[in-house]
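J.: Handing you this structure, nothing more for now.
Computed from the coordinates by the stated procedures, all read-outs in this text should not be read as laboratory data. Every value quoted in this text rests on a predicted model; they were computed, and no experiment measured them. Here the Cβ positions follow ideal geometry from the backbone for every residue, glycine too, while neighbour counts run over all protein chains shown.
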Amino acid sequence: MRIIAGEKRGLKLMTQDGLETRPTLDRVKEALFGRIQFELREKCILDLFAGSGALGLEALSRGAREAIFVDHDEGAERAIKHNIAAAAMEERAVFIKNDYANAMKLFQNKRKFDIVFIDPPYASDFYGPAMRGLTEYGLLSDGAVIAAESGAPLTIAAWGYALEKQKRYGKTFLSFFRWKEE
């Protein structure tokens, strides 16, 4: 796995051992960032279920201002911290070892994110609770983009989200939602 574009293009990333993490394929990552490429500059990123941190680091490489990585797994922690250091992005990247729900509570009314990556284990039921938590805890800037990677189409039409695009790439579905303040 590697960073595919931007200032750190070609940097190889460490992944954790075992089957706990499912790395995002390059073609899926290219499609994801092709869709949001003009919305990254100077934005604040939240990478929930970060795994190796590949999505947040890709965003930083392409011009995002800062990224916060959240994962509760020790293997993910080692991989993310290693990858942040290898990319020399310690001043723009923060890792929080916590589960997604508790991490979102920590940020309640303290942080606003412009782009959020949600990529939990496909068989989990974390998509709805994560998206609900983002709005309930006031974590989204007006017009924020939520990019979710899943194993099946997502239908989340509540909490102020509008589905902008959903496309299948092999066994992976990419869903892009936009959140608007009411």
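J.: With a cut-off of at most 15 other beta carbons within 10 Å, and DSSP calling the residue loop, which chymotrypsin sites (Phe, Trp or Tyr not before Pro) in segment 47-128 qualify? Please list them.
T.: Answer by residue number: TYR122.
J.: Considering the chain as a Gaussian network with a 10 Å cut-off on Cα pairs, which listed residue, ASP47, ASP119, ASP26, attains the greatest mean-square fluctuation?
T.: With Cα springs under 10 Å in the chain, the top fluctuation among ASP47, ASP119, ASP26 is at ASP26.
J.: Shape call for segment 100-161 from the C-alpha gyration tensor, a ≥ b ≥ c root eigenvalues: rounded (a/c under 1.5), prolate (a/b greater than b/c) or oblate?
T.: Prolate, since a/c reaches 1.5 and a/b exceeds b/c.
J.: Any lysines with Cα under 20 Å of the LYS43 Cα? List them, leaving off those in the same chain fewer than 8 positions away.
T.: LYS8, LYS29, LYS110, LYS112, LYS180
J.: Restricting to bridges with both residues inside the chain, how much of the DSSP beta-bridge set is antiparallel, in percent to the nearest 5?
T.: Taking every DSSP beta bridge with both residues in the chain, the antiparallel ones total about 45 percent.
J.: Here are labelled values, [x] 22, 18, 17; [y] 29, 18, 15; [z] 41, 17, 15, and one is the computed semi-axes √(5λ) of the Cα gyration tensor in Å for what I pasted. Which one?
T.: [x]
J.: Express in whole angstrom the spacing between the alpha-carbon centres of segment 115-182 and segment 81-105.
T.: Taking the Cα centre of each part, segment 115-182 and segment 81-105 sit 20 Å apart.
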